[in-house]
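Note sheet for the following structure.
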Amino acid sequence: MATVIKNGTIVTADLTYKADVKIDGGKIIEIGPDLKGDETLDATGCYVMPGGIDPHVHLEMPFMGTYSADDFDSGTRAALSGGTTMVVDFCLPDPGQSLLDALKRWDNKATRAHCDYSFHMAVTWWGEQVFNEMQTVVQEKGINTFKHFMAYKGSLMVNDDEMFASFSRCAELGALPLVHAENGDIVASMQQKLMDEGNDGPEAHAYSRPASVEGEATNRAIIIADMAGVPLYVVHTSCEQAHEAIRRARQNGMRVYGEPLIQHLTLDESEYFDKDWDHSARRVMSPPFRNKQHQDSLWAGLAAGSLQCVATDHCAFTTDQKRYGVGDFRKIPNGTGGLEDRLPMLWTYGVATGRITMNEFVAVTSTNIAKILNLYPRKGAILVGADADLVVLDPKKSKTISAKTQQSAIDYNVFEGKQVTGLPRYTLSRGVVAVEDGSLKSREGHGQFVAREPYPAVNKALSTWKELTAPRKVERSGIPASGV
Ligand code: URP
Ligand code: ZN
Ligand code: ZN
Ligand code: ZN
């Protein structure tokens, strides 16, 4: 049965044009004028775009003594409601645990997904087993990205030697390392000092993680990646110092990618000074929200192309969970939601304000992500043969964001009260209508794992160059006798 999306304007990362889109068997089969099908979806006045891809989510994540409250059911419902048709979650092995055992747990959790998904693998410890299993993960499990936490000392954090070993392994396997870039040693010391001084509220979370600790770690990760001969993806880039490091590296010819979150683009540090403890604690995440200058830097990076992706790092905790940290901000579970709001917030604060174009919007929410994660053109494209993961965005449709109407399982929303314009008229997941005019029609278990091949091009180029420029012993004739 063929479906035709009629009378819309197709908007991709590089083109804007009027055409119908015909879908069958979950794929786009034709693009052109006056197409006919068995079922018609009217897109008059709307933009037909590749569905959003969120490259950074944590659904049912074991973290800080609890689990993030949105699982693959509520999390992917939230995604589809907001026009996101694919999410990439992080598989987190426990210290000493086999990567493959951890992956079984994640496979199991994800059977509930309403939209397609993929995984990054985290390197949370180092040893021969991890070294060996990385190969299986890349070559047999369809995962070509490895996450490294430079923060969360005592739990997820890895040190420089471990990162260098893992990045070098990524280089061999054609995989891409990701980093959470904050100097975990300095953060831990600053946290202790703040607590000793009686600073135990949620604002101290922000004080303990200033922009400079993120800038330092971003720089360090970039140098380590360059030494290992591998590209690098920096998650949740939140400040000018980190952006500056990425910008400079790119100007110097390094393949470094930066990912601001919709939260950092639109919410600022004043959230932590609210008199209401719950209000501030609900917004505790790492890195913390920053000031307006940092926000301007991130917006400029998206427009200039020095930052490539907008994500959410969706990791939602209820108010009750946040209250684990009453009296000690270090125990407030770190994380905020945003899956349902990323596209409407970015449209409203980015496209409608003229900060970015519609095509840049598609690039940073979908196409660039698909390219960097090696999903393109199956995802992130409106092309014949691509998966029909689409959002028909109505630029006139608006709503006020409210926890009362959201899909997320938590009892608040960090964007509560924001008026957004630019909402899905339809969201399609592999050709199936998952959202129609605000009502959800998706099915639990419809989502499928999307395997990602290792990188053919970038790592090959880097390793070829590395080999050509490697230190070489100078062969000499006539070596003089030792001068002793
Ligand atoms: O605070 C955050 N970002 N929580 C989720 C885990 C992470 O660091 O990405
Ligand atoms: Zn992180
Ligand atoms: Zn994260
Ligand atoms: Zn369900």
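We did not get these values from a lab; they are worked out from the coordinates using the rules stated. No experiment lies behind these values; they were computed from the predicted model shown. Don't worry about glycine lacking a Cβ; one is built from the backbone with ideal geometry, like all the others, and counts go over all protein chains shown.
Points worth noting:
- Short-range pairs are left out: with C-alpha atoms under 8 Å and at least six residues apart, the relative contact order of segment 385-443 is 36 percent.
- Over segment 399-480, Cα pairs under 8 Å with separation of 6+ residues give a relative contact order of 14 percent.
- Taking 19 Å as the limit for the C-alpha separation, the pairs LYS371/LYS460; LYS275/LYS322; LYS104/LYS379 exceed it in the case of LYS104/LYS379.
- The order of the peptides 209-215, 239-245, 394-400 by mean Cβ neighbours within 10 Å, most packed first, is 239-245, 209-215, 394-400.
- SER98-PHE273 FRET efficiency (beta carbon distance; Förster radius 35 Å; 0.05 resolution): 0.20
- Global geometry of segment 57-202, whether rounded, prolate or oblate, following the gyration tensor of its Cα atoms and the 1.5 cut on a/c: oblate
- Rounded, prolate or oblate (a/c below 1.5 giving rounded, otherwise prolate when a/b exceeds b/c) for segment 28-97 by Cα gyration tensor: prolate
- Estimated FRET transfer efficiency when R0 is 45 angstrom, pair ILE479-THR318 (beta carbons, to 0.05): 0.05
- Available extension along the chain between THR464 and SER439 is 3.9 nm, counting 0.36 nm per residue and deducting the alpha carbon span.
- The chain shape via C-alpha gyration tensor axes, a/c threshold 1.5: oblate
- Segment 170-216-segment 244-267 distance, computed between alpha-carbon centres (Å): 17 Å
- Linear extension gain, SER398 paired with ASP34, 0.36 nm per residue minus alpha-carbon span: 128.1 nm
- Each Lys or Arg adds one and each Asp or Glu takes one away; over the other residues whose Cβ falls under 9 Å from the Cβ of ALA2, this sums to -2.
- Its relative contact order, with pairs defined as Cα atoms under 8 Å and 6+ residues apart, puts segment 64-164 at 26 percent.
- TYR17/GLU416 FRET efficiency (R0 41 Å; Cβ-Cβ; nearest 0.05): 0.65
- Directionally averaged projected area (segment 327-408, Cα convex hull): 8.5 nm².
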